[in-house]
Amino acid sequence: MFHHTYKCGFEGNHENYHMGKRFRCPLCGNIHEIPDQSSGLVDNGERSTTRKSLTIIVRQWLYSLHQKLANWFKAQEMPFPPHTGAFEAVTRQRTQIFASSKNEDILRDLATKAWKSSESLRITLFTLEPEVIHSLRFEDGLRRMMKHAARIAPGFEVPLYTPVLRHSNTPINTAGQFRADEDGYTFIEIDNRFLLDIKASYSILSHELCHYILETSGIRETDTNENERLTDICMFVLGFGPLFLQGYKRDLAQTSFRSGYRVGYLSDSDYEKLNDFVLELRKKGNLPLSSREKELTEIIINRLHGNQSQFERYLRYWESKHPEMSYIDRLEGILYDLQR
């Protein structure tokens, strides 16, 4: 067995046959590889337990302080570029490419897949309230967004696993990225330039979370630009529209101490139109959505060999026995009884 101290301050004892294996650090959350031989402090029994514990505490505190100070100074001193893409730099050419009526067609198709049935249109509180989300811790806000997406979009495979969320130095000309490592862990990273801007961070998070949900649901365009447009539109389908719109840009006139910024792939007018269009779509329901009620009714009648009167007797029985249930729940109960 040997003892090793990692750069983040974590100290661990490892068996010799563990050399070369990898593990997630409980201190910093990163993946470490156990070295072939210890290059750090060797626990030879000469140091007392108290001294070793104090060393660990001091190392951890210094590492945490260094990270916080580095992020803070970077956010304060590093000016924003004139335009920072949420995912790549936004150009006039790209905005013109995406500024078309095709956006509404994409939204309509995506909403049909996501909302799945006409019953889902009865779900209240379609959009997330930005003020509520902004008041939460960043990780709690992410969990709230994922729960909201699962409720609004039963047709999507919203993951149960919450990705690791952190501010970091993202690639040049990007403000955020979604990625998965070789071990299958997923990460959403937002550039340190937005560390102190909660509204901008949530706007970027809205897009990156949609990447995660669409990838898990098997929905993706082969063309990168078209896939980014699809992801932008997905934000409005999941009810993230107001949250995104509150922080996706800041004009120079809005601040006297930092440059303005803008994230996203579509034009300002496109975003406003999509937000209005999706709310109108939810209200009118002009989509080829299936009906869970109709589907259940057909299955039950088929089970009863087309006996309509027997079906109606079942309905009356369940209505008298369970008056508190919705009509859909009664149909689910009847089908469950028939399948037993």
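A short reminder: the numbers here are calculations on the coordinates, not readings from a lab. As the structure is a prediction and not an experimental result, all values here were calculated from the model. Cβ: placed from backbone, ideal geometry, glycine included. Neighbour counts: every protein chain shown.
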Once fully extended, how much extra length lies between residue 216 and residue 14, figured as 0.36 nm per residue of separation less the alpha-carbon to alpha-carbon distance?
69.1 nm
For 214, 289, order by how many other beta-carbon atoms lie within 10 Å, fewest first
289, 214
Cα-based shape type of the stretch 92-284, given that a ≥ b ≥ c are square roots of the gyration tensor eigenvalues and the cut on a/c is 1.5
rounded
